[in-house]
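Please read the structure below before turning to the comments.
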Amino acid sequence: MIMNWSKAPIVRIALLYIIGISIYHFWPNHNIYYFITLTTTFLLFISYGFYLFYTKSIISSTQFLSIAIFIAILSLGYFRSYSIDEKNRVDYYENYIDKASYLYGDILNTKSFSQTKTKATVKINKMLIDSQWINTNGKVLLYLNLPLDSFNRSNHSILFRNSLQSPNEIRFPYEFDYAKYLANLQIYHIGYINDYDFKIVERKSNILEKFLIFRNKLIKLIYENIQDNTSANLISAMLLGYKDVMDADIIKDFQQAGVVHILAISGLHVAIIYGAIYLLFSLIIPLKYKNKITIPLAIITLWLYTFMVGAMPSVVRAAIMLTLLQIGPVINRNVNKYNSLAAAALIILVVNPLQLYSLGFQLSFSAVLGIFFFYTPLINIFKTNKKWLKWVIGSLSVTMAAQLGTLPFTLFYFHQFPTYFIIANLMAVPFASLLIYAGFITIIFSFIPVIGEFIAIIFSFLVKIFINFIGMISDLPYSTIPNIFLTPLSAIMIGIIIILITIKIYFKEIKIFPYLLTAVLLFGITYNFSLIKRIQYNPSFESLNYKYAIIGQKEQQKFNYLVIKPDSVDLPNVQSKIDDFCTYYFCKEKNKYEINEKVKTHSFYINNPIISNADDVYIIGNKKEINSLPDSIDFKKIEIDKWKLKFQ
């Protein structure tokens with residue numbers, strides 16, 4: 001269904017607000033923008049007043065007022081972004097980080113990093129500077145040598161020695177930008193804390209944290225009563241959002257099959273859970289009270305579930321969208337679904353403008369928007385009177401519509417396309433519904449010894465069927481089209497092409513060929529330009545560790561690289577890094593050099609561009625860097641030349 005622009009005022013407000021957020025992202029200079037915005041708005045209001053005074057025409061004058069309102073909404077997006085940016089606060093911890101010896105803060109959430117280590121997000125409250133505690137603000141990410149179970153019983157604060165550092169920035173465009181991901185969470189420093197450099201203390205919990213403690217108890221209950229770890233991992237992820245210990249191979253299979261969204265709580269899960277809640281209330285409450293009692297009770301219960309899983313952003317997004325879409329029958333009014341979607345986005349972005357840059361936010365709203373926009377033309381392609389075929393066509397249309405909505409984002413972020421996503425989703429979505437319902441039943445009956453064990457066995461059997469099916473889809477030939485690297489402009493062009501084709505399906509009389517041709521040409525130009533740039537660019541490569549060093553240089557289609565390591569050290573993940581590098585930059589020939597015999601100890605130390613072991617010290621660089629070194633530096637040199645690595 002195409003949106004009626006005149007009946008969707010909230011959509012316009014949301015778009016202007018988003019533009020304001022985007023401007024702050026690219027131009028975070030609040031003083032200049034504040035002056036321009038106030039000046040422009042003031043002049044518009046004055047112009048409006050004079051125009052109204054002299055012409056007495058309210059209709060014509062409203063144009064000036066509309067422009068002023070538009071600028072005001074855009075400014076709100078900008079200044080809300082400024083106000084929530086912790087870096088703009090006077091007491092931001094980074095202003096004092098170089099002087100602080102110890103920091104103290106509250107642990108907000110924890111995730112498992114390994115069986116013996118935990119990642120903890122900490123809100124900094126105080127810093128010790130020259131024997132005096134200073135009140136501060138901000139968040140950091142700490143890696144602690146404690147298992148996750150240590151934090152499940154209550155909430156904690158932490159005192160730790162200052163060893164914070166900035167996260168590593170990406171070197172290549174195809175890599176996951178972890179620093180940018182953390183920045184969107186307003187985390188700009190991480191710390192690897194030694195065992196003797198921190199102390200954990202218990203503290204009182206707020207209401208939301210008490211919900212999280214209850215969630216942790218449910219997770220523990222699941223693992224105690226479901227013996228099969230794979231089944232316990234899956235139900236913990238699908239019902240409670242706990243996916244820290246999910247098997248990496250299973251995640252990869254789900255990604256390649258195009259159903260990875262099933263492993264984390266998303267709009268699909270919330271809709272299924274809401275449907276179950278609504279059905280239960282419908283069985284108890286008479287049908288005539290559907291709008292006044294059943295729907296409000298179902299919505300309240302859904303929000304209780306939302307808080308129980310820790311008010312995760314993905315669940316809150318889905319709960320807000322569902323609430324706004326379901327509120328129409330309660331107030332006996334037809335609700336414009338585009339307005340409801342825009343209102344949900346606006347509420348989320350007013351609370352936290354940084355959600356705009358969250359991949360989950362982008363995928364959630366683009367998927368729902370895709371269903372709104374593409375579902376009708378898709379389902380009208382194949383019309384039938386058979387009920388079972390209608391269900392199949394409807395399921396396929398919803399899957400296709402959501403995939404079309406998210407396609408530019410998935411290609412841009414994940415660089416691959418799951419070929420068999422339609423087949424996988426056609427079976428996976430209803431099976432996921434079955435597993436969610438079965439999971440709830442398993443948890444409820446887990447307190448009953450014999451019956452609980454029997455239900456857990458059945459549930460584990462269903463999980464195995466489900467995972468084997470996804471694995472089978474993932475193992476099919478050409479299950480994914482890999483190595484799709486798009487620029488932002490190329491991704492936008494793909495979205496425009498899809499929208500133009502859909503508009504043509506809606507309105508056959510509209511001539512879109514010139515616009516479609518322009519979009520296709522722009523996509524071809526931008527994509528091929530980035531392709532040529534990648535082929536011609538000759539970057540260097542390095543992967544440094546306390547046990548090994550790998551450095552290399554690309555020249556045209558050749559890649560020369562040097563491996564320095566002890567004979568006993570294996571390089572499990574390095575080859576995949578080299579392969580990714582060569583795929584992205586089109587290296588057809590790989591030349592490997594090794595210095596295994598030079599390394600006589602298992603531990604040598606790397607300080608790029610200097611690599612040293614027990615016997616020798618090497619300085620590594622290109623010809624210009626090597627020649628610029630003073631003659632007094634009497635170290636062996638490895639020059640990364642155009643065609644080979646030269647040892648001096």
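Some notes on this structure:
- Within the range 463-495, being in contact with a Phe, Trp or Tyr (Cβ under 7 Å, 6 or more places away or on another chain), among the β-branched types (V, I, T) and open to solvent by 20 Å² or more (accessible area, probe 1.4 Å) holds for T480, I481, I484, I494.
- Residue check for S266: open to solvent by less than 30 Å² (accessible area, probe 1.4 Å) and without any contact (Cβ under 8 Å) to a residue 24 or more places away in the chain: no
- Any pair with Cβ under 6 angstrom, 6 or more apart, that starts in the range 391-419 at a residue that is within 20 Å of D177 (Cα to Cα) and ends at one that is of a type in the set (S, T, Y) and at pLDDT below 90: Q416/T480
- Filtering the range 347-365 to residues that are surrounded by fewer than 20 Cβ atoms within 10 Å (Cβ to Cβ) and over 20 Å from P28 (Cβ atoms) leaves I347, L359, G360, Q362.
- Residue within the range 496-519 that is open to solvent by 70 Å² or more (accessible area, probe 1.4 Å), in contact with a strand residue (DSSP E or B) (Cβ under 9 Å, 6 or more places away or on another chain) and modelled with pLDDT of 85 or more present: no
- Criterion applied to I213, I219 was being over 30 Å from L369 (Cβ atoms) and open to solvent by less than 20 Å² (accessible area, probe 1.4 Å), and the one residue passing it is I219.
- Total residues in the range 353-372 satisfying the condition of being within 15 Å of Q186 (Cα to Cα) and of a type in the set (S, T, Y): the figure is 2.
- Hey, I551 assigned to a strand (DSSP E or B) and surrounded by 13 or more Cβ atoms within 10 Å (Cβ to Cβ) or not: yes
- Here I200 passes the criteria (1) assigned to a helix (DSSP H, G or I); (2) over 21 Å from S474 (Cβ atoms); (3) in contact (Cβ under 8 Å) with a residue 24 or more places away in the chain except the one numbered (1).
- Residue list for the range 187-197, restricted to those being exposed (fewer than 13 other Cβ atoms within 10 Å of the Cβ) and in contact (Cβ under 8 Å) with a residue 24 or more places away in the chain: N194, D195
- Test: residue in the range 483-490 that is over 20 Å from L363 (Cβ atoms) and at pLDDT below 90: yes
- Among the residues making up the range 572-604, those that are in contact with a Phe, Trp or Tyr (Cβ under 9 Å, 6 or more places away or on another chain), open to solvent by less than 50 Å² (accessible area, probe 1.4 Å) and modelled with pLDDT under 70 are I595, V599, F604.
- In the range 226-241, the count of residues that are loosely packed, with under 14 Cβ neighbours inside 10 Å and in contact (Cβ under 8 Å) with a residue 40 or more places away in the chain is one or more.
- Filter result (of a type outside the set (G, A, S) and within 22 Å of L208 (Cβ to Cβ)) within the range 115-143: T118, K119, T121, V122, K123, I124, N125, N137, K139, V140, L141, L142
- Of the residues making up the range 505-524, those that are in a helix (DSSP H, G or I) and either aromatic (F, W, Y) or without any contact (Cβ under 8 Å) to a residue 12 or more places away in the chain (or both) are Y506, F513, P514, Y515, L517, T518, L521, F523, G524.
- Residues in the range 256-275 that are among the small types (G, A, S) and modelled with pLDDT of 85 or more were compared, and the one that is nearest to the chain's Cα centre (by Cα) is G258.
- Applying the criterion of at least 1 residues that are without any contact (Cβ under 8 Å) to a residue 24 or more places away in the chain to the strands (runs of 3 or more DSSP E) found wholly in the range 132-186 leaves 132-135.
- Condition check for V140: open to solvent by 30 Å² or more (accessible area, probe 1.4 Å) and β-branched (V, I, T): no
- Considering the range 285-323, the residues that are at pLDDT 85 or above and open to solvent by 40 Å² or more (accessible area, probe 1.4 Å) include one that is farthest from P353 (Cα to Cα), namely L297.
- Here I67 fulfils each of the conditions (1) open to solvent by 70 Å² or more (accessible area, probe 1.4 Å); (2) touching a Leu at 6+ places or on another chain (Cβ under 7 Å); (3) at pLDDT 80 or above apart from (3).
- Criterion violated by I347 - all others in (1) free of Cβ contacts under 8 Å to residues at least 40 places away in the same chain; (2) more than 16 Å from Y17 (Cα to Cα) satisfied: (2)
- S490 being among the hydroxyl-bearing types (S, T, Y), farther than 30 Å from F176 by Cβ and assigned to a helix (DSSP H, G or I): no
- Residue selection: F485 satisfies the criterion of being assigned to a loop (DSSP other than H, G, I, E, B) and under 26 Å from the mean Cα position of the chain (by Cα).
- Among residues of the range 219-248, those that are under 20 Å from the mean Cα position of the chain (by Cα) and either assigned to a loop (DSSP other than H, G, I, E, B) or more than 24 Å from L302 (Cβ to Cβ) (or both), counted: 8
The values are calculated or read from the model by the stated rules, or taken from the named source; none is laboratory data. Owing to the predicted nature of the structure, the values given are computational and were not obtained by experimental measurement. Positions of Cβ are backbone-derived with ideal geometry, glycine not excepted, and every protein chain shown enters the neighbour counts. Quick note on the areas: whole protein, heavy atoms, side chains included, nothing else; ligands and nucleic acids left out. Shrake-Rupley method; radii C 1.70, N 1.55, O 1.52, S 1.80 Å.
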